[in-house]
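Reviewing the structure listed below.
The numbers here are math on the coordinates, done by the rules we state, and not lab data. Since this is a predicted model, take the numbers as computed values, not measurements. Here the Cβ positions follow ideal geometry from the backbone for every residue, glycine too, while neighbour counts run over all protein chains shown.
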């Protein structure tokens, strides 16, 4: 990302975090969501917004559906807060990093316990 693209992506991420913290996204399916990254195209026309939430696959799907349902509101709220010529089209993508990290951590913990029990 270029310097400007990176700054705009960081600003979008900050504003999304503030919106989530203040409860501005009113869809009940969108609770306990954390926005983890914004991947912005070089022309600033498209943004992939990665998010994380705790729960099973149904909770993840519900949160994704809620975010997609609120996409118009979120985009217009961002446009009011961030002054750029074009507000990018946004796409929400579940960030599996937290879940994968937790699973790996548990596996490592289980291996460590098994090794201690075998000694």
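Thinking of the chain as a set of Cα atoms, what percent of all their pairs are more than 21 Å apart? The proportion of pairs with Cα distances above 21 Å equals 45 percent. Counting every alpha-carbon pair across region 59-110, the share separated by more than 11 Å comes to 75%. From largest to smallest, the equivalent ellipsoid semi-axes obtained for region 25-70 from the alpha-carbon gyration tensor read 22, 11, 9 Å. Cβ crowding within 10 Å, taken as a proxy for footprinting-reagent exposure, orders 82, 49 from fewest neighbours to most as 82, 49.
Summarising the label geometry, the points placed 7 Å from Cα in the beta-carbon direction at residue 100 and residue 26 lie 3.7 nm from one another. Estimated from helices alone, the mean residue ellipticity of the chain at 222 nm is -18500 deg cm²/dmol (sum of -39500 (n - 2.57) over DSSP H runs with n ≥ 4, per residue). Potential lengthening of the chain between residue 111 and residue 45 amounts to 19.1 nm, from the contour at 0.36 nm per residue minus the alpha-carbon distance. Panel order for 67, 107, 13, by other beta carbons found within 10 Å of each beta carbon, from fewest to most: 107, 13, 67. Normalised by the number of residues in region 3-118, the mean separation of alpha-carbon contacts (under 8 Å, six or more apart) gives a relative contact order of 26 percent. The angle between the Cα long axis of helix 3-22 and the main principal axis of the chain comes to about 70°, on a 0 to 90 degree scale. Spacing of the modelled spin labels on residue 37 and residue 89, each 7 Å from Cα toward Cβ, amounts to 2.2 nm. Annotation for region 1-52 versus region 63-119: alpha-carbon center distance of 11 Å.
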